[in-house]
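S.K.: First the structure, which I've put down as structure tokens, then a few questions once you've had a look.
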Amino acid sequence: MAGTGAEAPAPGCVTSGDTAARPKPHANPLLHACALLRSEPARCWYLGDHARDILAGAAAGMATLTAGWGDLGSGAPPADWGAEAIVQHPLAVLEWLRPGLGAHQSPERRPSPGPLIQPRASPTGSG
């Protein structure tokens, strides 16, 4: 976040591929992080740049965001992964999580996103 003027707090914990016995897409690494942070998964958002990240977040009971930059894999397109939204820039994550937007409101009450946030499309026929 250098050069953005935003203060970046130090992470509360760091996990990696060998942190848990079962790596992503299992929920184990994310649940381990929640335990370290003493946080309930339902109160967390998980940002990922691969379908396995979104699967792991959902399996852990977290809401998920897709990072529109990074690995992105070679399989299904990110819009098909099932995340709450695709954010196209790291600063868009901050916008999504800002009080009064994104994580703090139900999907029906969220304001229209800017160009850096693409909400998940509603399934056909569900409005």
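The values are calculated or read from the model by the stated rules, or taken from the named source; none is laboratory data. Source: prediction; values computed, not measured. No Cβ is skipped: glycine too gets one built from the backbone with ideal geometry, and neighbour counts run over all protein chains shown.
S.K.: Among the residues of segment 63-75 satisfying the criterion of being closer than 16 Å to Val93 by Cα and either surrounded by 21 or more Cβ atoms within 10 Å (Cβ to Cβ) or charged (D, E, K, R) (or both), which is farthest from the chain's Cα centre (by Cα)?
M.R.: Here is the first cut: in segment 63-75, the ones closer than 16 Å to Val93 by Cα are 63-70.
With the extra rule that they be either surrounded by 21 or more Cβ atoms within 10 Å (Cβ to Cβ) or charged (D, E, K, R) (or both), the set shrinks to 64-67.
Details: Thr64: 3, Leu65: 3, Thr66: 6, Ala67: 7 Å.
Taking the candidates together, the pick is Ala67.
S.K.: Tally time: how many residues in segment 26-62 are surrounded by 18 or more Cβ atoms within 10 Å (Cβ to Cβ) and not in a helix (DSSP H, G or I)?
M.R.: 8
S.K.: List the number of the failed condition for Ala79; all other conditions in (1) hydrophobic (A, V, I, L, M, F, W, C); (2) surrounded by 10 or more Cβ atoms within 10 Å (Cβ to Cβ); (3) at pLDDT below 85 hold.
M.R.: With respect to (1) hydrophobic (A, V, I, L, M, F, W, C); (2) surrounded by 10 or more Cβ atoms within 10 Å (Cβ to Cβ); (3) at pLDDT below 85, Ala79 is out only on (3).
S.K.: Condition check: part of a loop (DSSP other than H, G, I, E, B), at pLDDT below 90 and out of contact with any Pro (no Cβ under 6 Å at 6 or more places or on another chain). Does Glu7 satisfy that? Give the derivation first.
M.R.: On the way: part of a loop (DSSP other than H, G, I, E, B): yes; at pLDDT below 90: yes; out of contact with any Pro (no Cβ under 6 Å at 6 or more places or on another chain): yes.
Yes: the conditions hold for Glu7.
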